[in-house]
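K.L.:
Sharing a structure here in structure tokens format.
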Amino acid sequence: MRNVSAVIRAVSSTGVRRPQAPGIPVRATSLTASSAPERGRRFPSSFRSPPPASLRGATLRAKMSLFGAASGFGTGGASMFGSAAADNHNPMKDIEVTSSPDDSIGCLSFSPPALPGNFLIAGSWANDVRCWEVQDSGQTIPKAQQMHTGPVLDVCWSDDGSKVFTASCDKTAKMWDLNSNQAIQIAQHDAPVKTIHWIKAPNYSCVMTGSWDKTLKFWDTRSSNPMMVLQLPERCYCADMIYPMAVVATAERGLIVYQLENQPSEFRRIESPLKHQHRCVAIFKDKQNKPTGFALGSIEGRVAIHYINPPNPAKDNFTFKCHRSNGTNTSAPQDIYAVNGIAFHPVHGTLATVGSDGRFSFWDKDARTKLKTSEQLDQPISACCFNHNGNIFAYASSYDWSKGHEFYNPQKKNYIFLRNAAEELKPRNKK
């Protein structure tokens, strides 16, 4: 995932230019591998072939359950592939997804509950979108692949799990029908499309796209013209949507909340609780399962927890430091890294953050405490997500360009890892 505010570097094969994050990390030491990694393998033929008539019929034939309700995976994340390699690419010994993309992975998304089993979608800077079936045993089976003509910056699913929507630097968004394995363009912008979300409302359904052209557009997938266009104050850097609420964070620290009932409209502009560039945002729900606030991450190793209508704003809204070296309560100089992704656990309401420091952390926002931090991977973690029941945490290990082109190693392999998340994300018991 490249930072959207970026100084641009050319990708020769597509003409798309890569952004480089300004000014971070503050003193980041290099994350170098101790042994030369293998080159990315050619994509297997199983990815290029059409999927079965319907992904819905996929069965889970696992002999043992790593991600089922009664998990044999354990909190240590024991790997079915043995110990981690000497280059420290998998220090948590988590399961590696087979046939990972050949360039940096910018987005991950698991299938919705309506689709039996678990399917994982990943978009990458190799211009492709890939789909895997994730079996309860932990085995990952490549299913299908689609292409854009530029890097894929975001992906999402339709609520019934039959379609995947993809946003790209080629200024378009596409709808991928998984049953037919056909993809068609459904949206067009004047600049790269950074975010995409499927909105299922009682009286309408549409796709919401946010772009660097400073617009938020809403699309009926049957029409080439948008249903609605809303102007943004700046380029769209990140967004999230849980009906009936959407939140968009832009360049120059812009922050806008939208309400989606009847038709989308601006609800409130919020002064950013963070002092540095916005990087990622995720909406969280209340006890009644309704969206009530959001977590916002910045390039300065900090996350803000912000409620839309809190009883006591000064007390309920807060920020915390994360993805920094030497701890967060020390007077020594710190290496400060970008927060690349935030994901909330769908059952427990706790959250995961991933960063340019090559670590993931689990947090309990209500208890305001950290639950776990991973060992350090040998490259940044660029994206993350949970599956629909919260048993699986997926995270992508690939270069995010936070330290510029001089740290880019084209021979460095990209990985997607799967970890059992059923126990580690449980909230702290309140005393």
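The values are calculated or read from the model by the stated rules, or taken from the named source; none is laboratory data. Just so it is clear, the model here is predicted, and its values are computed rather than measured. In this analysis, Cβ positions are derived from the backbone assuming ideal geometry, glycine residues included, and neighbour counts consider all displayed protein chains. The area values use the complete protein model at the heavy-atom level, side chains included, leaving out ligands, DNA and RNA. Shrake-Rupley method; radii C 1.70, N 1.55, O 1.52, S 1.80 Å.
K.L.:
Name every residue in the stretch 271-286 that is over 15 Å from THR319 (Cβ atoms) and more than 20 Å from the chain's Cα centre (by Cα), in order of residue number.
P.N.:
If the condition is that a residue be over 15 Å from THR319 (Cβ atoms) and more than 20 Å from the chain's Cα centre (by Cα), then ASP286 is the only one that fits.
K.L.:
Take the residues in the stretch 187-196 that are out of contact with any Leu (no Cβ under 8 Å at 6 or more places or on another chain) and surrounded by 23 or more Cβ atoms within 10 Å (Cβ to Cβ); name whichever of them is nearest to CYS156 (Cα to Cα).
P.N.:
For the stretch 187-196, the residue satisfying everything is ILE196.
K.L.:
Among (1) over 22 Å from LEU216 (Cα atoms); (2) crowded, with 24+ Cβ neighbours inside 10 Å, there is one condition LEU120 misses while meeting the rest; what is its number?
P.N.:
Only one criterion in (1) over 22 Å from LEU216 (Cα atoms); (2) crowded, with 24+ Cβ neighbours inside 10 Å is unmet by LEU120, namely (2).
K.L.:
For the stretch 358-399, which positions are within 17 Å of VAL303 (Cα to Cα), in a loop (DSSP other than H, G, I, E, B) and open to solvent by 10 Å² or more (accessible area, probe 1.4 Å)?
P.N.:
ARG359, LYS365, ASP366, ALA367, ARG368
K.L.:
Follow-up question, since we're still on this one. What are the residues in the stretch 325-348 that are open to solvent by 30 Å² or more (accessible area, probe 1.4 Å) and under 21 Å from the mean Cα position of the chain (by Cα), if any?
P.N.:
If the condition is that a residue be open to solvent by 30 Å² or more (accessible area, probe 1.4 Å) and under 21 Å from the mean Cα position of the chain (by Cα), then PHE344, PRO346, VAL347, HIS348 are the ones that fit.
K.L.:
To continue, here is another question. Using the structure shown, decide if ASP87 is at pLDDT below 95, among the acidic types (Asp, Glu), out of contact with any Lys or Arg (no Cβ under 6 Å at 6 or more places or on another chain) and open to solvent by 10 Å² or more (accessible area, probe 1.4 Å).
P.N.:
When the stated conditions are applied, ASP87 passes them.
K.L.:
Could you go through the stretch 252-272 and let me know if any residue there is within 16 Å of ILE305 (Cα to Cα), in contact with a helix residue (DSSP H, G or I) (Cβ under 9 Å, 6 or more places away or on another chain) and either surrounded by fewer than 18 Cβ atoms within 10 Å (Cβ to Cβ) or among the polar types (S, T, N, Q) (or both).
P.N.:
Checked against the condition, which is being within 16 Å of ILE305 (Cα to Cα), in contact with a helix residue (DSSP H, G or I) (Cβ under 9 Å, 6 or more places away or on another chain) and either surrounded by fewer than 18 Cβ atoms within 10 Å (Cβ to Cβ) or among the polar types (S, T, N, Q) (or both), the stretch 252-272 yields at least one hit.
K.L.:
What's the number of the condition SER111 fails, among (1) buried (at least 22 other Cβ atoms within 10 Å of the Cβ); (2) modelled with pLDDT under 95?
P.N.:
Only one criterion is unmet by SER111, namely (2).
K.L.:
Moving on. Give the stretch 191-202 a look and list any residue that's in contact (Cβ under 8 Å) with a residue 12 or more places away in the chain and farther than 17 Å from ASP128 by Cβ, or say none.
P.N.:
Matches in the stretch 191-202: ALA191, LYS194, THR195, HIS197, TRP198, ILE199, LYS200, ALA201.
K.L.:
Report, ordered by the first and then the second residue, all pairs with beta carbons closer than 8 Å, sequence separation of six or more or different chains, a first member in the stretch 243-260 that is without any contact (Cβ under 8 Å) to a residue 40 or more places away in the chain, and a second member that is among the basic types (Lys, Arg) and not in a strand (DSSP E or B).
P.N.:
Partner pairs satisfying both residue conditions: THR250/LYS214; THR250/ARG235; ARG253/LYS275.
K.L.:
Continuing with the same structure: Would you please name the residue that is most open to solvent (accessible area, probe 1.4 Å), looking only at residues in the stretch 274-287 that are in contact with a helix residue (DSSP H, G or I) (Cβ under 9 Å, 6 or more places away or on another chain) and part of a loop (DSSP other than H, G, I, E, B)?
P.N.:
Residue satisfying both the conditions and the ranking: LYS275.
K.L.:
Name the strands (runs of 3 or more DSSP E) wholly within the stretch 126-190 that hold at least 2 residues that are closer than 22 Å to PRO113 by Cα, touching a helix residue (DSSP H, G or I) at 6+ places or on another chain (Cβ under 9 Å) and touching a residue at least 40 places away in the same chain (Cβ under 8 Å)?
P.N.:
Strands (runs of 3 or more DSSP E) meeting the threshold: 128-134, 140-147.
K.L.:
Additional query: From the list GLU252, GLU234, GLU266, GLU271, which residue is among the acidic types (Asp, Glu), farther than 20 Å from ASP170 by Cα, assigned to a loop (DSSP other than H, G, I, E, B) and modelled with pLDDT of 95 or more?
P.N.:
Selected residue: GLU271, the only one of GLU252, GLU234, GLU266, GLU271 that is among the acidic types (Asp, Glu), farther than 20 Å from ASP170 by Cα, assigned to a loop (DSSP other than H, G, I, E, B) and modelled with pLDDT of 95 or more.
K.L.:
Quick one: in the stretch 400-419, of everything that is basic (Lys, Arg) and modelled with pLDDT of 95 or more, which residue is surrounded by the fewest Cβ atoms within 10 Å (Cβ to Cβ)?
P.N.:
Applying the filter and picking the extreme gives LYS413.
K.L.:
Moving on to the next point. In the set ASP177, ASP170, which member is acidic (Asp, Glu) and farther than 18 Å from ILE105 by Cα?
P.N.:
ASP177
K.L.:
Are any residues in the stretch 144-162 of a type outside the set (A, V, I, L, M, F, W, C), surrounded by fewer than 23 Cβ atoms within 10 Å (Cβ to Cβ) and farther than 20 Å from TRP198 by Cβ, and if so, which ones?
P.N.:
GLN145, THR149, GLY150
K.L.:
Here is a further query. Can you tell me which residue in the stretch 197-207 is surrounded by the fewest Cβ atoms within 10 Å (Cβ to Cβ), limited to those that are part of a strand (DSSP E or B) and of a type in the set (A, V, I, L, M)?
P.N.:
Per the criteria, the residue is ILE199.
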